[in-house]
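A short worksheet on the structure shown next.
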Amino acid sequence: MELGILQFIQKLGSDFFDLFFCAFSLLGETLIIVALVPLVYWCVDKATGEEVALDIFSGCYVNYLLKGIIARVRPIESHETELRKVKYDYFYESLQHDGRYLPESFPSGHSQVSASFWSGVAYKRGLKKLWWLLLLPVMVALSRLYLGVHWPTDVLTGLAIGFVVSAVIHVCLKASKTKTLLILPTVASALMFFNLLGNVEFKQLMMTSIMLALIWGGCLGMLVEQKYIEFSTGDVKWWMRVLRLPVGLLAVGVCAGLVFLPLRLLGVDKYISLVPVGFTAAFAMATAAPLTFKMFRIV
């Protein structure tokens, strides 16, 4: 039945729809969405940025946990002769590791991360006013079906993770920000137990660990910032908001580099190195960057 749904959607196949759905698929790239977090956090609205960061880190963490346990094969691999590939090979090559597709179809990461970001913004800024933002992750999910890289249940579950996790975090932050920042990483750490339930690929295990490190770094960093730094996005001139982004990224990059380079020089595996780097980057986003803003009076 799911294959039939994919084939029905692919009847739209044309150069125009290839470009159209590839554009939406790019909007769900994790790196692109994650890059928006410091932009919102430092330059637009601090509270929204904090919530969206926790939404994305937590949603991706649940996503990678499930990918490792379920290990579902992508439809484009298992039914390649029955599905059409779009002309832009990047979207297939980017999913391959060492020349093969990892069994990581369920749930859809693009659907989840876009749902985490846009629903987080909508919940924080007012769902009644910004409900239409929820249509963006739905279009991203549809693009993944058109490309044939996910099953319908993959994208539905990805959307559900993004929407539900963000809603839970929104409610918890409204109740108590401090308690949420303390409890969230603790609960996430306990969930790592489920990685033992399946024959989890090394890369999947490391990606889950990186997301857990981001949760810990972000939560601890926000606690430190709340107590000792207290930077603000209110009453900041527009040119200072613009300047904050490159300055903040430089501060985070320096902190992350000071951890990554020694580990790589010592021969530590790339993925293993990214665990402490992820923690450092998330912690620095909430602490080192705001301290730099204050040091150079970009406030």
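Read-outs: derived from the displayed coordinates by stated rules, not from any lab. All values derive from a computational prediction rather than experimental measurement. We place every Cβ from the backbone using ideal geometry, glycine too, and count neighbours over all the protein chains shown.
Can you find even one residue in region 257-267 that is of a type in the set (Phe, Trp, Tyr) and more than 28 Å from Ile169 (Cα to Cα)? So far as region 257-267 goes, yes, one or more of its residues are of a type in the set (Phe, Trp, Tyr) and more than 28 Å from Ile169 (Cα to Cα).
Here is a check on your reading of the model: is Ile56 in contact (Cβ under 8 Å) with a residue 40 or more places away in the chain, under 15 Å from Ser111 (Cα atoms) and part of a helix (DSSP H, G or I)?
Working: in contact (Cβ under 8 Å) with a residue 40 or more places away in the chain: yes; under 15 Å from Ser111 (Cα atoms): yes; part of a helix (DSSP H, G or I): yes.
Yes.
The set of residues from region 101-140 being crowded, with 23+ Cβ neighbours inside 10 Å, free of Cβ contacts under 8 Å to residues at least 60 places away in the same chain and either touching a Lys or Arg at 6+ places or on another chain (Cβ under 6 Å) or part of a helix (DSSP H, G or I) (or both) comprises Ser105, Ser108, Gln112, Ala115, Trp118.
Scanning region 1-46 for residues that are in contact (Cβ under 8 Å) with a residue 40 or more places away in the chain and part of a loop (DSSP other than H, G, I, E, B), we see that the one that is surrounded by the most Cβ atoms within 10 Å (Cβ to Cβ) is Gly28. All of (1) buried (at least 16 other Cβ atoms within 10 Å of the Cβ); (2) part of a helix (DSSP H, G or I) hold for Arg72 with one exception: (2).
If the condition is being polar (S, T, N, Q) and out of contact with any helix residue (DSSP H, G or I) (no Cβ under 6 Å at 6 or more places or on another chain), then region 139-186 contributes Thr153, Thr157, Ser176, Thr178, Thr186.
Screening Ile169 with (1) surrounded by fewer than 21 Cβ atoms within 10 Å (Cβ to Cβ); (2) farther than 20 Å from Ser273 by Cα gives one miss only, at (1).
Taking the criterion of being closer than 21 Å to Val34 by Cα, in contact (Cβ under 8 Å) with a residue 60 or more places away in the chain and part of a helix (DSSP H, G or I), would at least one residue in region 80-90 satisfy it? First the steps, then the outcome.
Keep residues of region 80-90 that are closer than 21 Å to Val34 by Cα, which gives 90.
Restricting the remaining residues to those that are in contact (Cβ under 8 Å) with a residue 60 or more places away in the chain gives none.
Checked region 80-90: no residue is closer than 21 Å to Val34 by Cα, in contact (Cβ under 8 Å) with a residue 60 or more places away in the chain and part of a helix (DSSP H, G or I).
Is at least one residue of region 145-153 in contact (Cβ under 8 Å) with a residue 60 or more places away in the chain, assigned to a helix (DSSP H, G or I), crowded, with 17+ Cβ neighbours inside 10 Å and hydroxyl-bearing (Ser, Thr, Tyr)? Yes: one or more hits. The residues of region 221-236 that are of a type in the set (Val, Ile, Thr) and either more than 26 Å from the chain's Cα centre (by Cα) or under 22 Å from Gly278 (Cβ atoms) (or both), listed by number, are Val224, Ile229, Val236.
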